[in-house]
Amino acid sequence: MFERLAKSGQEFAEQTKEHIAEYADAGLRTLVIAYREIDEQEYVEFNEQFTEAKNLVSADREEMIEEVAGKIERDLILLGATAVEDKLQNGVPECIDKLAQAGIKIWVLTGDKMETAINIGFACSLLRQGMKQIVINPETPENKALEKSDDKSAAAAAFKASVLQQIAEGKRLLSSSTKNSEAVALIVDGKSLTYALEDDVKDNFLELAIGCASVICCRSSPKQKALVTRLVKSKTGSTTLAIGDGANDVGMLQEADIGVGISGVEGMQAVMSSDIAIAQFRFLERLLLVHGHWCYRRISSMICYFFYKNIAFGFTIFFYEIYASFSGQAVYNDWFLSLYNVFFTSLPVIALGVFDQDVSSRLCLKFPPLYQEGIQNVLFSWLRILAWLFNGVLSATIIFFFCIRAMQHQAFRKGGEVVGLEILGATMYTCVVWVVNCQMALSISYFTYIQHLFIWGGIVFWYIFLIAYGAIDPDISTSAYQVFIEACAPSGSYWLLTLLVLIASLLPYFAYSAIQMRFFPLYHQMIQWIRSDGQTDDPEYCHFVRQRSLSHTTVGYTARFEAKSKSSKERARDH
């Protein structure tokens with residue numbers, strides 16, 4: 001605002017700046033007020049240009065709006081400044097602390113003055129006493145003198161050179177702090193951010209910012225907020241989430257992968273532009289740590305299981321084709337092939353994707369590092385996907401060769417006849433249905449009546465279908481005609497073989513899960529372990545589990561407490 005003042009309107013500029021600094025130091029949000037009288041003709045011209053710029057749909061819409069606004073926001077006369085108290089919402093420091101424990105990098109993009117933003121950072125525990133701060137602010141006396149001169153290009157070059165120098169110094173400080181495992185905070189003002197986001201500077205700026213524990217960008221315009229979000233999203237490949245409550249946050253919310261709008265006193269623009277709307281900032285804690293973790297686990301488990309069940313089914317067909325010298329004869333009836341993914345195995349997967357909970361909501365909030373499994377992609381890594389593929393191939397191998405070896409030469413009927421293709425196909429299909437559904441039962445951590453209904457109901461429905469379909473005219477049921485009633489059901493070997501194949505197919509997975517749970521548990525399995533032992537309220541066990549988090553916490557009041565404890569121990573050791 002001070003840059004837009006007329007020379008005759010700066011009578012109280014220095015006093016106003018001093019007052020603003022005092023207000024900002026007190027943590028108040030400041031607003032500078034200035035005016036200019038314009039005639040009707042100038043307003044009409046401005047209104048036409050501004051309306052035209054707002055109606056643009058091109059990529060340079062924001063630049064055009066700023067350019068038109070700059071034409072009228074000039075030669076202003078300073079009136080004064082106001083300061084209002086804008087308290088943090090309830091639960092904000094606690095929420096930020098848990099998000100930090102969850103391994104989420106937190107950046108603050110605000111339009112407040114630097115002093116106000118720093119005070120907010122301390123209030124939220126994004127900053128703490130003794131934490132090294134890299135402050136990028138080109139407001140040196142030399143640069144201010146250049147800014148007041150008429151040589152704007154020289155002033156811009158000096159500002160940019162100052163920003164580059166401070167970024168280089170910050171990277172050196174960050175390098176030395178990293179060796180000592182010290183947390184560093186980066187604080188940037190809006191003018192510095194203008195030059196830091198230029199094409200030849202932004203990579204260095206981003207490298208510095210990523211290495212810092214917390215980043216605070218103050219005096220940021222709506223466009224700068226969006227550009228910072230775009231820079232992080234495009235250069236790092238990370239998933240970005242932006243949260244805001246005002247109209248100046250709209251660009252940032254739309255640029256981020258996930259936009260969360262807070263409905264409040266600043267209007268509904270942010271909510272209308274966001275993907276998700278919440279009423280208070282603290283609700284972000286449950287949205288991410290509980291529903292975010294559940295959603296990640298459900299989707300990753302569901303996709304892996306889809307691969308497993310289709311490979312287990314498909315490879316039995318493939319193995320039979322090899323056995324039959326690729327004659328083209330299908331081992332299963334046509335309707336068996338068609339309904340596998342429709343009725344017999346699909347509903348349990350849907351139930352897994354909707355209802356499964358590896359850890360309760362209370363424990364998700366109590367152990368925020370659990371969220372790091374999603375950030376590190378522990379449950380959907382290539383190793384885990386390949387493990388499920390291998391499990392599917394192994395199940396198919398056991399099912400096929402058990403059935404072939406048990407039925408190939410063995411008498412199946414009282415008269416001594418061996419089985420035909422229709423009995424072999426029905427038996428193998430029964431084993432597949434049993435194995436993939438029981439595999440689902442072993443994978444689920446949280447059973448509901450619906451999951452019981454879908455898993456065991458899918459198995460029961462297979463027998464009902466086999467009976468009903470086999471009772472239809474043989475012109476329609478073809479190889480499945482009376483195969484269950486007349487052949488499979490009366491035979492004890494059919495039921496015994498199904499049981500043996502089921503045990504043999506699930507035993508490798510069961511053994512692997514037991515060994516992993518006992519000797520190499522994942523983070524959620526450690527929580528399940530202490531829950532089953534009833535030790536979730538034991539401080540010693542809870543502290544032990546939290547210490548096994550995948551990444552170290554550097555911000556939040558938990559990190560502040562740990563830093564104080566560490567420094568106290570070091571002082572006691574020195575004495």
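The values are calculated or read from the model by the stated rules, or taken from the named source; none is laboratory data. Remember, it's a predicted structure, so these values are computed and weren't measured experimentally. All Cβ positions, glycine included, derive from the backbone under ideal geometry; neighbour counts span all protein chains shown. Keep in mind that these areas ignore ligands, DNA and RNA; they rest on the heavy atoms of the full protein, side chains included. Shrake-Rupley method; radii C 1.70, N 1.55, O 1.52, S 1.80 Å.
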Computed Kirkwood radius, in angstrom, where 1/r is averaged over Cα pairs of region 92-286: 17.5
Percent of alpha carbon pairs in region 288-533 separated by more than 22 Å? 57
If packing is taken as the average count of other Cβ atoms within 10 Å, what order do 273-279, 124-130 fall into, highest mean first? 124-130, 273-279
Can you tell me how much longer the chain between GLU94 and ILE485 gets when fully stretched, taken as 0.36 nm per residue apart minus their C-alpha distance, in nm with one decimal? 134.3 nm
At 1.4 Å probe radius, can you tell me the per residue accessible area of the chain in Å²? 53
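So what is Rg over Rh here for region 368-463, counting just Cα atoms and using Kirkwood for Rh?
Numbers: Rg = 18.7 Å, Rh = 16.4 Å.
Reported Rg/Rh, Kirkwood definition of Rh: 1.14.
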As an exercise, find the ratio Rg/Rh for the chain from alpha-carbon atoms, using the Kirkwood inverse-distance average for Rh. 1.14
Can you give me the three principal axis dimensions of region 402-444 from its C-alpha atoms, in Å, biggest first? 44, 16, 15
Could you work out how far helix 92-101 tilts from the main Cα principal axis of the chain, as a 0 to 90 degree angle to the nearest 10? 50
Compute, for region 51-198, the length of the dipole vector about the Cα centre, with Cβ point charges of +1 (Lys, Arg) and -1 (Asp, Glu) only. Units Debye, rounded to 20. 640
Let me check the size of region 174-249 from its C-alpha atoms; what are the radius of gyration and Dmax in Å? 13.0, 42
Three semi-axes of the equivalent ellipsoid, region 2-85, Cα gyration tensor, whole Å, largest first: 30, 18, 10
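List the pairs from LYS105/LYS171; LYS191/LYS225; LYS171/LYS233; LYS98/LYS191 whose alpha-carbon separation is above 24 Å, in the order I gave them.
Over 24 Å Cα-Cα: LYS98/LYS191.
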Hz values of 3J(HN,Hα) by residue in region 529-536 - Karplus curve (6.51, -1.76, 1.60), Gly and Pro given as x: 5, 5, 5, 5, 8, x, 10, 5
So for the chain: antiparallel DSSP bridges make up what percent, rounded to the nearest 5? 30
Can you give the calculated 222 nm mean residue ellipticity of the chain, where each DSSP H run of n ≥ 4 adds -39,500 (n - 2.57) and the sum is split over every residue, rounded to the nearest 500 deg cm²/dmol? -19000 deg cm²/dmol
Quick calc, region 92-286, dipole around Cα centre from Cβ unit charges on Lys, Arg (+) and Asp, Glu (-), nearest 20 debye, gives 340
